[in-house]
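The values are calculated or read from the model by the stated rules, or taken from the named source; none is laboratory data. Quick caveat, the model's predicted, so the values are computed rather than measured. Here the Cβ positions follow ideal geometry from the backbone for every residue, glycine too, while neighbour counts run over all protein chains shown.
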Amino acid sequence: MGYRVPDGFVHVNDVPDPDLLNRTAKAAVEELGARLNDHNFTAGGLNANRRATEAFYDFHTARVSADTGINTNPDDIPDNSDANAWVIPDSSDWTTVDQMQVSFTSGEDTAWIIGWAQYGLAPQGAVVTFSTTAVSLTKPRVQFALRVNGAVLPHGITGLADVEAHPRTLMPVTPFVPATPADNTSVDTLRLRGTSSMGWHVHAKRVQAFQEIPQGTTTIDLVVRRIPPDDALSQTGEIEPVYVYSRMLVAVQMKRTSPGVSPSATQVNVDYATETDPVSAAVINSGILQPMKTAINDLSAGSVMYGGLRRDHLPGGQSGLRSASQTTISTGSSTTRVYPGYGSDGTVNAGNWAEVSDGGTNLRVTGPWNYTTAPAFTLVLANVAHKKAIDTGIAASAEQYSVYAIAGQYASGTNFHSSDAECFLNNPNVTPNWGGGYPTLFDNDADIQLMDFWDYRSAPPAGGIVSFYRVLATYCGSAGAPSVEWQAGSIHVFNFFA
């Protein structure tokens, strides 16, 4: 137990020396009295029930499910048919996205904050198509950000924070191409950097930040605003509402200190030997050894000094805390599958979803994970380098969509999928007819940001063991000969074991 070597030893044949006896026991007694540290414990030597479930991490989440309505709207545009669809105020003020706020009590910790939201411009009345003109008034003009304790984090704002910088995202223009668009030059990547942040008609955005948080109550919001147009062409024209549909907020609290006062120091009530009393078995056993034994068998938080233990003292070592896995593809493929509707289980092929792949390697992370024996909070993040959604069987229009999603499969073969984690992205790169035929749909070259999470700490998934997590894709719109194309992708699975 003790790591301090005493300056003397008590031997059986020695003449009893109260002073030597006391000095021999004193080091261990002092350590038991709120001074235990990493020298007193072997790696993994503590039982699992001695560590709180949230000893190093805790998770604070918010989640709302809302259908964009695109699949059921005959005009192939978002609407407000879902009761959870929330309209963004057109006021230029930062506003908390409906129900996207979490509050918790902490010490001086670090928070990994991730927000995700699907938004869509919802033309109403006589206007049933998206504007592809240079009039920025007709664009969503949205920015998302994270707010901590009332302060917006500037490094997490999507698009440009300073509207006076005249961001290119406000003014879509025709692409700079030769007489024929053989090179498929993208309007958005060539001339409109960051269009996905502010000008895209339908998109989903993910914002994240690492933020130091003070001791006390911390409140975190996912916020949004519509910035005013800044070009002369925007004095007249339609002003359509923008809705936020499905949205999520996760704050991973990475604990460094206790959220309250330190626990009371443990006292070891030892009766040391004195020079005036005989040194007997009762003095040694009842007065010294028995109180030390009781203290060792009943260690509490107050027995350990502040910051006295390290991660390798936890049951199972560092691998028992978390695991992270990643899969990437560096080339792309395509699919002709058509969106099956909100609420599908994510079945591939027969379920009208395709698994994102490079033509051979699927974009998935394979387990298996048994959350019954290893409860965990599971966070999945994915990115897809989207190329375009196009239908060569109908006239080109901006009301064509790719849909990407995170899904998984249990060991039983049953699929699972959260519809409220689907990302809809329309195809705004529509240009006039280039020498006959239909107008052209150019490549988008957009970064699609996906997110989903499951809390299996208190109860395992109903489907049992999870075999893998994967990324899916499909087409949504008035399909004739549809195709969704992508160029690369990555998926990350984080398991924070309880």
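Summary table
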quantity	calculated
Qualifying residue in the range 217-228 (condition: at pLDDT below 85, assigned to a loop (DSSP other than H, G, I, E, B) and not assigned by TED's automatic domain parsing to the domain that holds Ile284)	yes
Breaking point among (1) more than 30 Å from His11 (Cα to Cα); (2) modelled with pLDDT of 80 or more; (3) buried (at least 17 other Cβ atoms within 10 Å of the Cβ), for His313	(2)
The range 17-60, residues that are more than 26 Å from Trp454 (Cα to Cα) and at pLDDT below 75	Ala43, Gly44, Gly45, Leu46, Asn47
Checking Thr373 against (1) under 27 Å from the mean Cα position of the chain (by Cα); (2) outside any loop (DSSP other than H, G, I, E, B), the condition it does not meet	(2)
Total residues in the range 91-129, condition at pLDDT 85 or above, more than 15 Å from the chain's Cα centre (by Cα) and among the aliphatic types (A, V, I, L, M)	4
Among residues of the range 131-157, those that are part of a loop (DSSP other than H, G, I, E, B) and either surrounded by fewer than 23 Cβ atoms within 10 Å (Cβ to Cβ) or out of contact with any Pro (no Cβ under 9 Å at 6 or more places or on another chain) (or both), counted	10
Test: Ala251 is at pLDDT 75 or above and part of a loop (DSSP other than H, G, I, E, B)	no
The range 460-482 residues that are over 10 Å from Trp369 (Cβ atoms) and of a type in the set (A, V, I, L, M, F, W, C), paired with ones that are in a strand (DSSP E or B) and modelled with pLDDT under 90 (beta carbon under 7 Å, 6 or more apart)	Ala479/Asp391; Ala481/Asp391
Scan of the range 279-308 for residues that are touching a Pro at 6+ places or on another chain (Cβ under 8 Å) and either among the hydrophobic types (A, V, I, L, M, F, W, C) or free of Cβ contacts under 8 Å to residues at least 40 places away in the same chain (or both), ordered by number	Val279, Ser300, Ala301
Val365, sole failed condition from (1) closer than 30 Å to Ala122 by Cα; (2) of a type outside the set (Ser, Thr, Tyr); (3) under 18 Å from the mean Cα position of the chain (by Cα)	(1)
Selection within the range 63-90 - within 12 Å of Ser246 (Cβ to Cβ) and either under 17 Å from the mean Cα position of the chain (by Cα) or not in a loop (DSSP other than H, G, I, E, B) (or both)	Arg63, Val64, Ser65, Trp86
